[in-house]
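What follows draws every value from the coordinates through simple rules; no lab data is involved. Because the structure is predicted, anything quoted here is derived from the model rather than measured. Every residue, glycine as well, gets a Cβ built from its backbone with ideal geometry; the counts of neighbours run over all protein chains shown.
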């Protein structure tokens, strides 16, 4: 009895402890050129006075040493004094699974009310073909951003209160949007981070209470850490440092607004391209500008004024805090990068990686392509995923090539030319065209600049269609969006389409001339009386003078939208 009571009190104490505690995991991927700096940063963490309810756990991977897990404790003396929890042997810190496993283990072993992750390593936003964060030299691997690796790892590890990147150039709007569902707050630099890293001795005492309060302090601490005359800048050089803390709950609204902005700016593309040359550029190939500065220069020049003002308000609402120290005067920065390459070669080198990002679906890259001008790069060739014949037509499922523009498609079949305009950035789409004999066809993509892809060729043997019918979609929930299609071996004047319920009661009927249509198509909401039909299985009968077709279909959660 006493033993059971003791266990209960221990468990209860753990629950009470977790209710007012932080667990901070530090993923130090240092199996690269940062091995020495990783040890220095770990010692800096040990110098800090920790809040009483903080669990500070480090997974450190170094070349020739492998992975080790530490529980950091206060140890102001030389050498590593933290508790060694586990020797992991050789690990691959450039593997997304290694990151998610560390998160699951760490937050499982040290449950807390607040969950924070620090990713400490080399990085370069979403660049580098298409991945670059946490490189592991031993395995020659890195965790991807544009290919979804980082997002997958963080989602598998569980939602975070705070995600902090002690790594270069991760605070771009593209990365923020990619990870918006992984953490409530994301902290990082939109530019390079000096090898000394973040000020852990000053940060660690703040890891308590509300995450919003913690996050509001970090950007200024970071830039002060490298201010002229500081311990990390004793010669008073002007070091460019930048940091921001962002709430992710408003990033979806920002995405929606930016999508509208990208479309509106197309009419002013040349003017916008000239204006962006006035802004400070940084990161790989100097391809990034500051998002807030960009919006401000649009407002100043009254370009898409209302949309830019709306986005600026949204940006300010999600920015908890920011700080920067530019080498010359730059106003209105948010320390959040936006990709806007000013050279076509830079654009072409990165565009196929960029198009894998969720932010790319705003159409921003299509605007950049227009602003750069002189687009003579043809789209990639589309791919035919499936072809089948039905009702006297060839139906193709087409895989769209990756492209920044809205693509249209031209199909050549005999003497006929057909054009198709699927939704922008559709990954695949269906097209169809009539056939009545063996034949060949070709299909090519066309971008907004008029560039044409290589043609994909197809050859088929004609299959004589039989009398048949189909309801699509089936089950039917919206009669205005559903239709019945049928094919007669012989067309024969007036056709009657009747619908019956399972009791044999007629619930709808229409008679109409379809002699010139084969196959024929009829929207279900054209059938008089069908709007009153109950949900469930129904029979549709299509009958003309000499032929009769019967099919089953289901009405489910009918919306009842009629002309």
Ranked packing of 89-97, 276-284, most packed first, by mean Cβ within 10 Å: 89-97, 276-284
For 207, 239, 28, order by how many other beta-carbon atoms lie within 10 Å, fewest first: 239, 207, 28
Relative packing of 528-536, 264-272, which averages over residues the other C-beta atoms within 10 Å, highest first: 264-272, 528-536
Rg [Å, one decimal], Dmax [Å, integer] - the range 330-469, C-alpha atoms: 19.1, 72
For the range 383-460: span of alpha carbons on each principal axis (Å, largest first): 37, 22, 16
Value of D in µm² per second that Stokes-Einstein yields for the range 17-250, Kirkwood Rh from Cα pairs, at 25 °C (0.890 mPa s): 140
Helix-only [θ]222 nm of the chain, DSSP H runs n ≥ 4, -39500 (n - 2.57) each, per residue, nearest 500: -7500 deg cm²/dmol
Surface/4 estimate of mean projected area, convex hull on alpha-carbon atoms of the range 468-555, nm²: 5.0
Crossing angle, helix 35-47 versus the chain [Cα axis fit, 0-90 degrees, rounded to tens]: 70
Whole-angstrom gap from the range 534-555 to the range 243-301, using each part's C-alpha centre: 56
Rounded to 10°, Cα long-axis angle of helix 211-224 versus longest principal axis of the chain: 60
P(r) of the range 400-546 over all Cα-Cα pairs, binned every 10 Å from zero, in whole percent: 9, 29, 26, 23, 12, 1
Angle between the chain longest axis and helix 251-264 axis [Cα atoms, degrees, rounded to 10]: 60
Cβ-based exposure ranking for 125, 480, 304, in which fewest neighbours within 10 Å come first: 480, 304, 125
Highest to lowest packing among 314-323, 444-453, scored as the average C-beta count within 10 Å: 314-323, 444-453
Cα-based shape type of the chain, given that a ≥ b ≥ c are square roots of the gyration tensor eigenvalues and the cut on a/c is 1.5: prolate
Order of 312, 260 under a 10 Å beta carbon neighbour criterion, fewest first: 260, 312
Shape parameters for the range 92-181, alpha-carbon atoms, Rg then Dmax in Å: 12.5, 37
